[in-house]
Amino acid sequence: MLSGLRDGRVWLVYLTLQAPSLRALFKYLADIHWLLIPLYLIATLLFTSLLLHSKPFRRKLEHTSTLATFAGLILLILVANLWLYPIADARSEQGGGSDQDRSLIITGERLYQGHNPYKGEHWPYDSAAAGPGWIILASPLAATGNYVFLNPLMLALAAGLIAYVRRSFFAGVSFLLLLMSSLAFWELTVVGSDMISIGCLILIATIAVYYGWQRGGLARFLSGLLLTFVSTGRAVFFYLIPLFAAFQRKRQPASALSFLVIAGGIFIVLNLVFYLWDPAWYLPLHVFWKGEVLMGRWIYLAAGLICILIFYFAAKQIRNDLPSWILNGWITVALGMTFAALGDLWSSSFQFAQWEGANYLGVAMPGYAAYLVLRNLNTKPYRA
């Protein structure tokens with residue numbers, strides 16, 4: 001297990017899962033953080049190394065990873081949300097909880113009523129960062145009083161898809177245990193943030209496009225449509241469509257242009273319809289200016305240039321296997337979210353307890369956990 005600490009992947013997944021946990025640790029353990037925070041960080045590091053490198057532990061876990069184990073973990077997440085989400089939601093009026101759930105609920109309800117989801121005078125509309133595709137996907141739960149099921153459902157779908165791809169409940173259980181080792185994961189899910197759900201959807205869309213676009217027909221169309229809707233989760237994720245087109249170009253050059261035209265065309269039409277509904281109230285665009293406010297214009301422009309360069313190298317080095325698709329997609333997501341999170345930390349004078357930008361890092365958590373599970377396990381993946 002200790003030899004696993006020399007593995008850079010252990011440290012990378014550890015940072016991905018535990019760096020955003022610093023906010024919750026300093027927020028809830030302010031009086032005794034000098035003792036409990038180091039203990040938490042050491043314990044989670046050892047657990048991560050144990051899960052990824054201890055052969056006896058992995059064999060025992062694989063032996064016990066059945067449908068019942070998988071379902072039990074999902075049930076645990078669901079029960080935690082059913083118990084704690086109403087408490088966090090009740091605290092939202094005093095500045096607690098999350099405004100992301102309220103935003104999705106209100107926009108979903110307005111859409112169901114046939115109104116412009118973004119237009120309104122009596123709610124914090126500046127928090128309406130979700131694009132139209134994500135509002136449509138979330139609305140069956142958000143608009144019907146069942147928002148509490150959103151995060152557990154997305155996690156169940158992502159973990160179930162990983163288990164299906166690997167033909168192994170061990171894969172799904174390992175994915176869930178990695179996420180559940182993070183305090184940030186629990187905080188984000190139970191307060192109603194949609195960051196984990198968006199991260200799961202990006203992962204699901206990656207797998208869907210990887211397999212579905214090869215099959216053609218309805219599978220091709222639906223996988224492209226899913227990616228289009230997911231790319232509206234936040235306006236900054238628009239790049240996922242040209243990025244996946246570049247991935248397709250390395251695998252099947254003839255289909256890359258059709259992918260870009262179909263997915264990109266639907267993306268433009270979807271956003272244009274809601275934009276033309278009332279241009280002055282098309283609120284998702286404000287996330288572009290929020291980054292400039294947090295980092296300053298020149299740092300913001302430099303961060304954007306770095307992101308473009310990383311996108312280019314991710315597209316260049318992509319290989320024709322699912323873990324490579326997930327890893328390179330995750331790199332682009334994690335980089336952009338890290339810049340935004342660090343900008344927020346800088347603006348708060350490194351007050352970790354007030355580090356709201358740590359939430360942005362939640363989008364990147366499912367991707368790298370899935371990559372490690374798919375890359376490290378011995379079971380053979382289902383081929384496209």
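Listing for the model above:
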read-out	value
³J(HN,Hα) computed for each position of the range 179-188 - Karplus, 6.51 cos²θ - 1.76 cosθ + 1.60, integer Hz, glycine/proline x	5, 5, 6, 9, 5, 4, 4, 5, 5, 5
Table column - 3J(HN,Hα) (Hz), the range 218-234, Karplus curve with 6.51, -1.76, 1.60, x for Gly and Pro	5, 4, 5, 5, 5, 5, x, 5, 4, 4, 4, 5, 5, 5, 8, x, 9
Inter-label distance, nm, simple model (7 Å from Cα along the C-beta direction), F57/L12	2.0 nm
Contact order normalised by residue count of the chain, Cα under 8 Å, 6+ apart, percent	22 percent
Mean residue ellipticity (222 nm) of the chain, computed from DSSP H runs ≥ 4 via -39,500 (n - 2.57), nearest 500	-23500 deg cm²/dmol
FRET efficiency, L76 to H115 (Cβ-Cβ, R0 41 Å, nearest 0.05)	0.65
Ascending count of other beta-carbon atoms within 10 Å, so fewest first, for C200, C307	C307, C200
Residue with peak Gaussian network fluctuation, the chain [Cα springs, cutoff 10 Å], from V148, V261, V373	V261
Prolate/oblate/rounded call for the range 2-376, Cα gyration tensor, a/c under 1.5 rounded	rounded
Per-residue Cβ neighbour rank within 10 angstrom, fewest leading, F247, F313	F313, F247
Fluctuation leader among L157, L361, L374 - the chain, Gaussian network, Cα springs under 10 angstrom	L157
Burial ordering of D89, D194, D321, fewest other beta-carbon atoms within 10 Å first	D321, D89, D194
Dipole magnitude of the chain about its Cα centre (Cβ charges: Lys, Arg +1; Asp, Glu -1), debye to nearest 20	1840 debye
Label-point gap, in nm, between V269 and L285 - each point 7 angstrom along Cα→Cβ	2.2 nm
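Every number in this text was worked out from the coordinates using simple rules, so none of it is lab data. All values reported here derive from a predicted model rather than from experimental measurement. We place every Cβ from the backbone using ideal geometry, glycine too, and count neighbours over all the protein chains shown.
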